[in-house]
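Working notes, structure below.
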Amino acid sequence: MMERLDAGMFIGLLAYEADQPAAWVSVAPRDTYRNLGGPPAEPGEIIWSIVCFYVPRKRRGQGMVYRLIAAAADHAKSAGATVVEAYPVPPDAPSYRFMGFVPAFERAGFESVGRAGVRRHVMRRRLT
């Protein structure tokens with residue numbers, strides 16, 4: 001992680017509350033991650049990926065993930081992305097929960113474009 005930061009690679013956003021880090025979302029150009037299972041980019045598409053969240057237990061259920069998704073999409077768009085992609089799971093999934101849940105991304109305007117393995121959905125939102 002430090003090598004990426006030292007190289008100037010963008011890796012995500014921190015949410016703050018009262019000048020203290022309160023939550024995290026990993027968002028960066030899709031090609032900076034290993035293959036996450038999304039479909040190939042169409043000509044002219046610049047895809048960024050949202051791959052994980054960290055929200056402390058005491059902050060869960062307060063809408064933080066929705067704010068993180070919105071901030072990640074806004075940041076990706078401001079950096080030139082035309083599409084933001086995510087890999088969430090159903091709320092009852094026993095694993096990959098750190099990648100977020102399908103209903104949160106649906107609420108944020110993402111649409112399903114396929115599956116990545118058994119549990120993970122591939123969801124996209126065009127940034128216009």
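Throughout, read-outs are computed from the coordinates displayed, never taken from laboratory work. Everything numeric here is computed off the predicted structure, so don't read it as measured data. Cβ atoms come from the backbone with ideal geometry, glycine included; neighbour counts cover every protein chain shown.
Per DSSP H run of n ≥ 4, the term is -39500 (n - 2.57); total these for the chain, divide by its residue number, and report the mean residue ellipticity at 222 nm rounded to 500 deg cm²/dmol. Let's see the in-between values first.
Details: 3 runs with 26 residues, N = 128.
Per the formula, -5500 deg cm²/dmol.
Fewest neighbouring Cβ atoms within 10 Å first, the residues 50, 11 line up as 11, 50.
Each residue of the stretch 115-121 was assigned a 3J(HN,Hα) from its phi angle through the Karplus curve 6.51 cos²θ - 1.76 cosθ + 1.60 (θ = phi - 60°); the sequence is 10, 10, x, 7, 9, 6, 8 Hz, with glycine and proline shown as x. Charging the Cβ of each Asp and Glu at -1 and of each Lys and Arg at +1, and nothing else, the dipole of the stretch 2-126 about its Cα centre rounds to 460 debye. Test of understanding: extend the Cα→C-beta vector of residue 78 to 7 Å, then name every residue of the stretch 2-22 with backbone N under 20 Å from that spot. The answer is 5, 8-22. The H on the amide N of residue 116, modeled in the peptide plane, is under 5 Å from the matching H of 121, 122, each at least 5 residues off or on a different chain. Across the chain the C-alpha pair distances fall into 5 Å bins from zero in the proportions 2, 11, 21, 25, 21, 13, 6, 1, 0 percent.
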